[in-house]
1. Let me confirm something: among L307, L317, L256, L277, which residue is assigned by TED's automatic domain parsing to the domain that holds S181, closer than 18 Å to V149 by Cβ, aliphatic (A, V, I, L, M) and not in a loop (DSSP other than H, G, I, E, B)?
2. Filter region 589-630 down to the residues that are over 25 Å from D655 (Cα atoms) and among the hydrophobic types (A, V, I, L, M, F, W, C) and list them by number.
3. What are the residues in region 131-148 that are hydrophobic (A, V, I, L, M, F, W, C) and surrounded by fewer than 23 Cβ atoms within 10 Å (Cβ to Cβ), if any?
4. Taking R650 and the conditions (1) out of contact with any Asp or Glu (no Cβ under 6 Å at 6 or more places or on another chain); (2) surrounded by 16 or more Cβ atoms within 10 Å (Cβ to Cβ), which numbered condition does it fall short on, given that it satisfies the others?
5. Check whether at least one residue in region 456-465 is touching a strand residue (DSSP E or B) at 6+ places or on another chain (Cβ under 7 Å) and among the acidic types (D, E), and report yes or no.
6. Of L820, L802, which residue is modelled with pLDDT under 95, closer than 26 Å to H859 by Cα and within 47 Å of the chain's Cα centre (by Cα)?
7. Evaluate region 815-835: report whether one residue or more is in contact with a Lys or Arg (Cβ under 8 Å, 6 or more places away or on another chain) and touching a residue at least 60 places away in the same chain (Cβ under 8 Å).
8. Could you list, in sequence order, the residues of region 423-446 that are more than 25 Å from M629 (Cβ to Cβ) and either touching a residue at least 60 places away in the same chain (Cβ under 8 Å) or in the same structural domain as D554 (by TED's automatic domain parsing) (or both)?
Amino acid sequence: MTTARVFAQDRDSVSQLLKSYSRIPEVIQVPNLIRVQLDSYYWFQQHGLRELLDELSPIQDFTGSRLEMRFGDYEFGQPKYCEAECRERDMTYAAPLRVNVQLVVKESGEVKEQEIFMGDFPLMTDKGTFIVNGAERVVVSQLVRSPGVYLTLERDATSGRDLCYAKLIPNRGAWLEFETSNKDIISVKVDRKRKIPITTLLRAIDEDAGIKDEQQLGTNERLLAMFKAVDTDPDHRYIQATLEREPSQSREEALLEFYRRLRPGDPPTLENARSLLTTLFFNPRRYDLGKVGRYKLNRRLGYKKALDTHILVPQDLVAIIREIIRLNNGQGQPDDIDHLGNRRVRAVGELIQNQFRIGLLRMERVIRERMTITDPESATPSALINIRPVVASVKEFFGGSQLSQFMDQTNPLAELTHKRRLSALGPGGLSRDRAGFDVRDVHHSHYGRICPIETPEGPNIGLIGSLATYARVNEYGLIETPYRKVVRELANDSPDLVGRFLRQDVSNEKGKVVASAGTEVSSKLAAQLAKLPPATIPIRPFVSDQVLYLLADDEEHYVVAQANEPLDESNHFLGSKLEARFGSRFITAAPEQVDFMDLSPKQIVSVATSLIPFLEHDDANRALMGSNMQRQAVPLVRPEVPLVATGMERQAAIDSGQAVFAEDDGVVVNCTARHIRVQYDSGEEKTYELAKFVRSNQGTCVNQRSIVPKGQRVEKGQPLVDSSSTAQGELALGQTLLCAFMSWEGYNFEDAIIISQAVSRDDKFTSIHVEKHEVEARDTKLGPEEITRDIPNVGEESLRNLDEEGIIRIGAEVQAGDILVGKITPKGETELTAEEKLLRAIFGEKAREVKDTSLRVPHGERGKVIDVKVFSRGSHDELPPGVNRMVRVCIGQRRKVAEGDKMAGRHGNKGVIARILPAEDMPYLADGTPVDIILNPIGVPSRMNVGQVLETHLGWAARLLGFRALSPVFDGGNPLTIEDALARVWIAEQADAVLPQPNGQENEAG
């Protein structure tokens, strides 16, 4: 019988016990799930913006002799409106950016200093989003090819040889593409222009890099000597073959040839050629390897160059050509361009930085032009700087970039997943039409970094992914994943030696054996060993709690054991042969060979996938559908925590920002529907404002509600507030139903679903949807429009819910066609009909002037008015030009579950409701209990998502025994533990059963 840990959840939150089927302890907690967004934006504010201003400084006029401008410190001011006001008023949540600017007049040496306003800069909220024009947006991280050098081998069709191709990709600037022909000639293309022999480029860059005489690259002899060590194949002399085909023999000839190939129409001169070469490779403004590019180049070519050297140096080219020759000669390994070590993440901070750079460069051009025509004595920084290009580029990015997206706010999980998304699309990335199978496929280097399950099903499959649960992005934008270190040897004076077993005999300096192999180190022996000369002592390998984050490149060199490998109390491996990973291979290794161990079984999957219990029993295709469909779950009126969970529900609720948790121990001093005030023991009093029936981006309802009464003592981490899709501080996307796998009159053919009327009657799947309607009163050519109750040709019955201003009251029930806001618009003079002449004669001027342009409920909509907002020029609200008044009405609509609605489980088991049957027509259990939902049993075997069957069995046992089961992914209950739970149910039921006796009498069991 299996043992399972049982523990009570936070006080006053759940009455049931939690029973965890996990066997692997958590070494570290799941990190903040939106950290990738928050950290990156913080980096931009603190460092990224500083880098840009330093790049731009100094700006000089075209002659370089009159004016010079430098950018100093900067600061972000306070935003004009808070987040809630920005949502209400359709404003952008932004702070003013001010920069100190110095202008130096070269002739007089005078320095003029001013603080310049550089526009309002959008701020990130605590939830990792931006509020732009009142709507929440998310900047999706981009997964792009990392700058650096890539060497690949391609089979030549003519000769049948594998020839080396290389690409040197900078962060910004001209690409260099190297190729080897079947005649052993190595050539290079600069920015996809015509091919040039590589020796021409080597000659041309000679003096520009300041190379000393003894390192001259100009002569043939010198060039041959440079590559003598690697160009060793007597049948294929690459440098010799290239020199024979090269037209130039000196540096000047090489420069002219280089210019001719790149600018075929222009007449070549030495001056132009030098200028072109310098601009292409040695000007930091035009060519930038970036910190990442230099780091990757150093690693690939195996030498150490300062990381702040962002331009190309001749040694780089020489090292690349050496590596090309080595690969052509069958030495060394080519690069895998789909390996995650060769791809990096451009997070929100870097994407904003790149866009801001574009705006600053446009601004620089304007400044230089103004410097040239302005009198130096009267010039000031404010007169020279035009901030429009900067403001426009930021607006363009947040409003129109492919990576700045309208946030998916259907439920908290959808928000969280959107912030953790990785896209290979977008500017500088791939296009879905050209992306092949290789780039979309799951790669072994994705392990623990990118989820192999969660990706869209359509044309974007494999191009859009999700960060794995424990993954983090380092300073270079490379994804790391954590591992536990396996310790195989310790220093002889280490305190950790106590309790460990020696793997070899340990001798003192005289050669006498102090301790033999297999001995357990006691405190006394440890003291003896510490007195020996410093050395490392091999011990029986054990898994430490030291956690290291590894890059995909680094992981290739280590043997990594699985997280579910059995350990004893001292964390020694129990087995003599372990299943492990080494690069792309799965191997069997001895404990002495293992370097690291996986931190947790759920580290390979994303947050959405880690919410699927018994994931290990589902086919990957169905798990993909389950992960994606959880994000589409509509928030329900009565959220219910799942009976069978995975333990990630609380973390998802915390990091989505929808639920609110106590920050410390304290007491609730005030609690209303709108806010909670908590007095913490530290003395701090904090008020939490609650969102009530707020419309999300997708029209679903966000409604926070207090779950602690006034006067209650709360502990740190205890939930205070639940939201639309959370219950007791845990993510709660669905409902617990009694499920029957059977056919019913053919109505559940082809995945159709039958549910009971009781489900609809109990509001189990009832949701609230909020629609927003707006009307504006504008100035027209014929006069201003007016919001009023006095509408022509409308009866009093239609006006009964309008106030004296003609605006509907909150709480009114409305149907299609009902007036929400009364509005009249002046009408132009036209030829009057007889009826109109009569009306004018009776009522005077008034009848002819206006027409009814009231805001009405659109066709097919109904509901209750839950919010009305009025904005007017008189109240100093910011309104568009020509608009005097604006009224916004929100209508909430309760929608019950109906035929035609889609329903889904967590295992990709989806279907459409075909019939809602009365409870009396539903199949029932032996005790007469009718089931809630009928699923087709044929939908299980072919889809291979058996996890749903295990979930229903464990859920059945959990419901009857009164506990909640936690079954983490890859570490949950197995069929035996579920059988055990069901056996306990049977015993509990039989305890009250009436048993037949041999003599014909009946006795109660128990």
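1. Values: L307 fails: not in a loop (DSSP other than H, G, I, E, B); L256 fails: closer than 18 Å to V149 by Cβ; L277 fails: closer than 18 Å to V149 by Cβ.
Unique residue meeting the criteria: L317.
2. A589, A590, V594, F596, M597, A620
3. From region 131-148, those hydrophobic (A, V, I, L, M, F, W, C) are 131-132, 135, 138-140, 143-144; that's our starting set.
Of everything in region 131-148, those that are hydrophobic (A, V, I, L, M, F, W, C) and surrounded by fewer than 23 Cβ atoms within 10 Å (Cβ to Cβ) turn out to be V132, A135, V144.
4. Every condition holds for R650 apart from (1).
5. no
6. Numbers: L820 fails: modelled with pLDDT under 95.
That would be L802, the only listed residue that is modelled with pLDDT under 95, closer than 26 Å to H859 by Cα and within 47 Å of the chain's Cα centre (by Cα).
7. Yes, there is a match, as at least one residue in region 815-835 is in contact with a Lys or Arg (Cβ under 8 Å, 6 or more places away or on another chain) and touching a residue at least 60 places away in the same chain (Cβ under 8 Å).
8. Result: G426, G428, G429, D438, V439, H443, H444, S445.
The values are calculated or read from the model by the stated rules, or taken from the named source; none is laboratory data. Computed from a prediction, not measured in an experiment: that's the story for all the values here. Reconstructed Cβ throughout: ideal geometry from the backbone, glycine too, with neighbour counts over all protein chains shown.
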